[in-house]
Amino acid sequence: MKAIRRFSVRPVFPEPLRPLGELARNFRWSWHPATRELFRSADPAGWEAAGGDPVRLLGAVSARRLEELAGDGEFLRRLDEAARDLRAYVDAPRWYQDVREERGEAGGLPAAVAYFSPEFGIAEALPQYSGGLGILAGDHLKAASDLGVPLIGVGLLYRRGYFRQSLSRDGWQLEHYPLLDPDEMPLEMLREHDGSPVQPVLTLPGGRSLRAHVWLARVGRVPLLLLDSDVEENAGGEREVTDRLYGGSSEHRLLQEMLLGVGGVRAVRAYCRLTGHPEPEVFHTNEGHAGFLGLERVRELTAAGRGFDAALETVRAGTLFTTHTPVPAGIDRFDRELVARHFGADGELPGVDGEEVLRLGAESYPGGDPTVFNMAVMGLRLAQRANGVSTLHGAVSREMFAGLWPGFDPAEVPVASVTNGVHAPTWVADDVPPDPARLDDAALWRLRRVLRERLVRDVRARLYASWRQRGAAHAELGWIDEVLDPDVLTVGFARRVPSYKRLTLMLHDRERFTRLLLDPERPVQLVVAGKAHPADDGGKRLIQELVRYADDPAVRHRIVFLPDHGMGMAQQLYPGCDVWLNNPLRPLEACGTSGMKAALNGGLNLSVRDGWWDEWYEPDFGWAVPTADGEAALDPERRDAIEAGALYELLERHVAPRFYDRAPAPGAPADGGGEPVPGRWIEMVRQTLDRLGPRVHADRMVREYVERLYVPAARAHRALDAVAAEESAAWKARVRAEWPRVAVDHVEQAGADGDALELGGALTLRVRVTLGALRPDEVEVQAVAGRVDEADALAWQDSVRVPLKPVGGPDLDGRWAYEGPLALDRTGPYGYTVRIVPAHRLLSGAAELGLVAGPSADATPPGRPD
Ligand SMILES: *Cc1c(COP(=O)(O)O)cnc(C)c1O
């Protein structure tokens, strides 16, 4: 029988148990073992059944049990302690407050930062993520909370989340979209003081409108606002806007992104108005999806009387854009017409000219597509600061977006990098003690065994459930009790399944791989998991290939594919695996974070040098899978063959031998008591925990964001009051208008005639430049000097930029003279050129405006003293 209406009944707690509700409604329980333990002890069986979700647990616990607990003195004492601990965590000053106090107002620490992301992975109980980006956003919020950084998270509430994955009998991915009920999740609706729901409204073409409710999730100290279009006043189509993550048509996605960006800013304003939370001074947008937030802020400012250009200046100053993909195909692009319709005369954002909007997202560079609206390009134009998520990804991003800064070397493109991190309290197993690197060999090895064994049990249970779901009878599944061995070298591979991550690389030479699994002395076992995007049949074929291989009775005790990869499974996998495998096509992994989570639990990495592993790989922490280069890199088949071969080679000759090379632990009794341990392996585990661990913490990442990006953005934003913003905008407009007339007209070198150029000597450069109507203090004239290659090209990394000094002018032709010494500080082929860039105290760097002028055709060619 089907119910005709559904609602949820919130439990009423006896008075002494009231704090349980408070604890359940703050996600801090998800990284606070003592609070979790408290919930578990309230009803151990119910806790299992609720999948470790306190709200579900409390919804199911019987009234009798609640009565019992209300009279249990010991339970009430622990409850009181947990509740006090949470309040202290939320209220007491932390790192950020200390730094703010110490540096004062002038320190520039923003009063608040709004952090936008299309997905957030906070806990399995809030399934609003598909993979790394969401988990990273969740970890960022949690680390910000731990550090006291006043962040407000902004996202969407997808009523059907991403999707739940299961397998058909023959290994094909099946997708389910269970409906989530916000009333059954740790969420509160944001309401006006009169109790009515806060309801941002967006105007859509054709007189339609899109309304949303705003749900508040408490992530420790950090509020996370999630917009939800499932509102009765919405028409049917509009109600479905936040139905699922990364699904639907292009128009559907555009509406999601308008709601996230435009609606998100309005939700933040409402939240600050209602709670007294300080207004954000910095807006941090992750990936292009939330980019419309900048337009809404421009609208706010123009409504308050600022001109469009000045408003744009102000918005840019306080915006940070983080890109998370190294491939153009990963960037969100819309049909220009579609965007034009939604931001046109009868669309959203009255007062902001639709043409201006379109210009912001135009791919106006060589090779750009004039018919599209590019969200990353808009993101970069609306943000004065931008970054990638690992050192390598920063470099790749600068190349990728170099077209927006013509005339500049890619190395000068203003995209920095902050390497991602992971939230240790979320990802380190409860069994791991505070300073595990200090355990002796035997104890460390025992710990690894405990973690591996726990994983083996978890894998068997999940595999059993999966096979039942695939239609197998209980009696057919006895073999599952023998799946995986808690003493065998265990390798993990779990992540989304886009093709570049190469889920099936390990199957490239099946015979060789099978031999590795079945080796009688040094066997290897694998746990594999991952979801393919529902529209990606290629990815689903890869999963099927892997599942079919793993279904084979000859190997099924050594390799498993677990369906429905999510945070809960991941939390078991990282600690239990000895080795974490990653074999993307370099450099397509922007950062990758799963290997970091493994490392925090003492897992060693076996990975292609991509993303974070490219910068932090050391032989003490694991192994680097060599990548094919030259010709071979261009042929995908050969490349896979070479890299798979290298992977097998490492496993056979290095990884497995080290794992199985056992000797009595130092200090073990001489009579042979105590288990022999792999000394060199354990040393690697220790090095990983001790030296790699601290680098991969999200704390380190969030501090870097604060110091390197949030503080400069807040300062820049504060500097732009109404007057300064108008000035800055007018100045930029004037510089742009004058720039075609700016040129280096004449260059001569003095002080070193002929071939008398020696190391330690100096040249004097005398330069004449035309600046149009600009003044010398509005530009910088620079000599760029350094090593040159055969084609006379100066490499940016190998060169210095020396400002020249104005020494006179303008002459009768309007030219200014500049002069300066150039020290000859290196031997070998050397060269220089002269260029002019705009200079202003409010610019973030020389390349910001994308304007540069070099020597005109008839200037004396730069000398090249060999
Ligand atoms: C960490 C994590 C990821 C990211 O994995 P990558 O190796 O960075 O691709 C994906 N899914 C889940 C559930 C995770 O915990």
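The values are calculated or read from the model by the stated rules, or taken from the named source; none is laboratory data. Keep in mind that this is a model prediction, so the values were computed, not measured. When we count neighbours, we look across all protein chains shown, and the Cβ atoms used for this are built from the backbone with ideal geometry, even at glycine.
Sort out which residues of region 802-860 are of a type in the set (Phe, Trp, Tyr) and either free of Cβ contacts under 8 Å to residues at least 24 places away in the same chain or over 26 Å from Ala729 (Cα atoms) (or both), and write them in order of number.
Tyr818, Tyr830, Tyr832
Phe283 fails exactly one of the following numbered conditions: (1) assigned to a helix (DSSP H, G or I); (2) crowded, with 24+ Cβ neighbours inside 10 Å. What is the number of that condition?
Of (1) assigned to a helix (DSSP H, G or I); (2) crowded, with 24+ Cβ neighbours inside 10 Å, only one is false for Phe283: (1).
Might you let me know whether region 347-359 holds any residue that is buried (at least 17 other Cβ atoms within 10 Å of the Cβ), out of contact with any Lys or Arg (no Cβ under 9 Å at 6 or more places or on another chain) and free of Cβ contacts under 8 Å to residues at least 40 places away in the same chain?
No.
Is there any pair with a first residue in region 123-140 that is under 13 Å from Gly153 (Cα atoms) and a second that is more than 10 Å from the ligand (Cβ to nearest atom) and part of a helix (DSSP H, G or I) whose Cβ atoms are under 7 Å apart and which are 6 or more apart or on different chains, and what are they?
So the pair list comes out as Asp139/Ala698; His140/Ala698; His140/Val702.
Can you name the number of the only condition in (1) within 15 Å of the ligand (Cβ to nearest atom); (2) over 16 Å from Arg703 (Cα atoms) that His140 fails?
(2)
Hey, which of the helices (runs of 4 or more DSSP H) in region 692-789, taking only ones fully inside, have at least 3 residues that are of a type in the set (Asp, Glu)?
Once the helices (runs of 4 or more DSSP H) in region 692-789 are filtered for at least 3 residues that are of a type in the set (Asp, Glu), what remains is 722-738.
Could we say that Leu225 is in a helix (DSSP H, G or I) and closer than 21 Å to His277 by Cα here?
It is false that Leu225 is in a helix (DSSP H, G or I) and closer than 21 Å to His277 by Cα.
Condition check ((1) more than 15 Å from the ligand (Cβ to nearest atom); (2) within 22 Å of Arg449 (Cβ to Cβ)) across all residues:
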site	(1), (2)
Arg496	no, no
Leu503	no, no
Val527	no, yes
Arg558	yes, yes
His565	no, no
Ala599	no, yes
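Check region 687-704 and report whether any residue there is in the same structural domain as Pro584 (by TED's automatic domain parsing), under 26 Å from Ala137 (Cα atoms), crowded, with 16+ Cβ neighbours inside 10 Å and among the polar types (S, T, N, Q).
The answer is yes, given that some residue of region 687-704 is in the same structural domain as Pro584 (by TED's automatic domain parsing), under 26 Å from Ala137 (Cα atoms), crowded, with 16+ Cβ neighbours inside 10 Å and among the polar types (S, T, N, Q).
From Val55, Val12, grab the single residue that is of a type in the set (Val, Ile, Thr) and in contact (Cβ under 8 Å) with a residue 60 or more places away in the chain.
Checking each option against the conditions leaves just Val55.
Scan region 578-597 for residues that are more than 11 Å from the ligand (Cβ to nearest atom) and of a type in the set (Lys, Arg) and jot them down.
If the condition is that a residue be more than 11 Å from the ligand (Cβ to nearest atom) and of a type in the set (Lys, Arg), then Arg586 is the only one that fits.
Exactly one condition in (1) over 14 Å from Val219 (Cα atoms); (2) at pLDDT below 95; (3) not basic (Lys, Arg) is false for Pro186; which is it?
Evaluating Pro186 over (1) over 14 Å from Val219 (Cα atoms); (2) at pLDDT below 95; (3) not basic (Lys, Arg) leaves (1) as the failure.
Tell me, please, whether a residue that is under 25 Å from the mean Cα position of the chain (by Cα) and farther than 18 Å from Tyr648 by Cβ can be found in region 577-584.
Yes, region 577-584 contains a residue that is under 25 Å from the mean Cα position of the chain (by Cα) and farther than 18 Å from Tyr648 by Cβ.
Can Gly51 be described as in a loop (DSSP other than H, G, I, E, B) and not assigned by TED's automatic domain parsing to the domain that holds Gly138?
Yes; evaluated as a whole, the condition is true for this residue.
Among the listed residues Ala411, Ala416, Ala465, which satisfies the condition of being away from the ligand (no atom under 16 Å from the Cβ) and free of Cβ contacts under 8 Å to residues at least 60 places away in the same chain?
Checking each option against the conditions leaves just Ala465.
Tell me yes or no: at least one residue of region 104-117 is within 16 Å of the ligand (Cβ to nearest atom) and on the phi < 0 side of the Ramachandran plot.
Yes, there is a match, as at least one residue in region 104-117 is within 16 Å of the ligand (Cβ to nearest atom) and on the phi < 0 side of the Ramachandran plot.
When you go through (1) more than 16 Å from the ligand (Cβ to nearest atom); (2) surrounded by 14 or more Cβ atoms within 10 Å (Cβ to Cβ); (3) within 30 Å of Gly538 (Cβ to Cβ); (4) among the hydrophobic types (A, V, I, L, M, F, W, C) one by one for Leu179, which number turns out not to apply?
It is condition (2) that Leu179 fails.
Hey, among Val219, Val231, Val198, Val241, which residue is within 24 Å of His284 (Cβ to Cβ) and more than 29 Å from the chain's Cα centre (by Cα)?
Being within 24 Å of His284 (Cβ to Cβ) and more than 29 Å from the chain's Cα centre (by Cα) holds for just one of Val219, Val231, Val198, Val241, which is Val198.
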